[in-house]
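A quick write-up on the structure given underneath.
The values are calculated or read from the model by the stated rules, or taken from the named source; none is laboratory data. Keep in mind that this is a model prediction, so the values were computed, not measured. In this analysis, Cβ positions are derived from the backbone assuming ideal geometry, glycine residues included, and neighbour counts consider all displayed protein chains.
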Amino acid sequence: MNDFVSLNHGSGGKLTHELIEKMFVKRFAMSEPLTDSFILKESGLALAFTTDSYVVDPLFFPGGNIGKLAICGTVNDLAVSGAIPGYISASFIIEEGFPMNDLVLIAESMAEEAAKAGVKIVTGDTKVVDKGKCDKLFITTSGTGILRPDLDYISTGKRIKPGDKLIINGPLGNHAIAVLGARNKLTFRTTVTSDCASLNHLIHKVMKNCTEILFMRDVTRGGLATVLNELARMIRSGIIVNEALIPIDDQVKGLCEMLGFDPLYLANEGKVLMVVGAGEENRVIEILRSDPLGRYSEVIGEIIPDKKELVVLDTSVGGKRILDMPAGMQLPRIC
């Protein structure tokens, strides 16, 4: 482990996993595999519990702001565990001199998104620090949701087997490019908007009508490539994905080529990866595409037997390459 913490430790990639595993997991006696939400079981009931912090820069970007992002992120972490999100706490660290009008806009967007998602913000904390001791505003949210005890397999993927299909609910990379543009005041021919959205209603619709939803994970820091590698390690199997089937907007693809980014490693805030049983993928796609948040859903690959736990990309030009987990980050402070 490095002698000092770097921005790459916040990438969601290899260094993040190394930091969590070597610094926190053993000291806190945390059980593995690590998932987006921990499932608490008591007296036949199951409760999903999650927490996250938000340090995005800038605070406002096309399609959202740090407040909306905080609610969506916590709601999605609960929803991909199979839970019905219910209650959220919100804590604020505010730098002295922060504009009150901006704080109003952020608080109002949190309230609006919570109402849209059907959750309640019920508790929290506020701290103000000296000017220069915090970069404007940081938000930490925690959330709980009710989970049917028989669905606890979803976050661990323990029922996944070779032949099961991988589905993504829409184009990748929009959030990262939207934040990049706002951060650097870049002017694009058309505005790239963040995909920031609460996915719980969409996920509930799928869960209600399909019985073979075997795993879900929201695709945030580190992008699709990181989630796929986490999954391969978790289930000790291989994954193959078809690059031509992965939805990416043309403008995002063009900007990535120009700037040297790989969209498969870029952050998203409204995308969920689902693993579904072979034979049910068409039904899942039909339901997803009936909703605006899943209109461009695609089956992008499947689980394969592979003791090396590799993620293999069938490239658009006809070759294959290993899709590894990133060591660092392409863009810091993306969420």
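Exactly one condition in (1) of a type outside the set (Gly, Ala, Ser); (2) closer than 26 Å to residue 194 by Cβ; (3) in contact with a Gly (Cβ under 9 Å, 6 or more places away or on another chain) is false for residue 310; which is it?
(2)
Scan the stretch 73-86 and report the pairs whose first residue is of a type in the set (Ser, Thr, Tyr) and whose second residue is in a loop (DSSP other than H, G, I, E, B), with Cβ atoms within less than 8 Å and a gap of 6+ or a chain change.
81/35; 81/36; 81/37; 81/154; 81/155
Considering 116, 133, 208, which residue is over 29 Å from residue 238 (Cα atoms) and without any contact (Cβ under 8 Å) to a residue 40 or more places away in the chain?
On inspection, the qualifying residue turns out to be 133.
Does residue 104 satisfy the criteria of being surrounded by fewer than 16 Cβ atoms within 10 Å (Cβ to Cβ) and either modelled with pLDDT of 95 or more or in the same structural domain as residue 67 (by TED's automatic domain parsing) (or both)?
Spelling it out, residue 104 is indeed surrounded by fewer than 16 Cβ atoms within 10 Å (Cβ to Cβ) and either modelled with pLDDT of 95 or more or in the same structural domain as residue 67 (by TED's automatic domain parsing) (or both).
Which of the residues belonging to the stretch 180-213 are of a type in the set (A, V, I, L, M, F, W, C) and over 23 Å from residue 117 (Cα atoms)?
180, 182, 186, 188, 192, listed by residue number.
So residue 146 fits all but one of (1) over 17 Å from residue 275 (Cβ atoms); (2) not in a strand (DSSP E or B); what number is the exception?
Unmet condition: (2).
Looking only at the stretch 297-331, which residues are outside any loop (DSSP other than H, G, I, E, B) and either more than 23 Å from residue 262 (Cα to Cα) or among the hydroxyl-bearing types (Ser, Thr, Tyr) (or both)?
304
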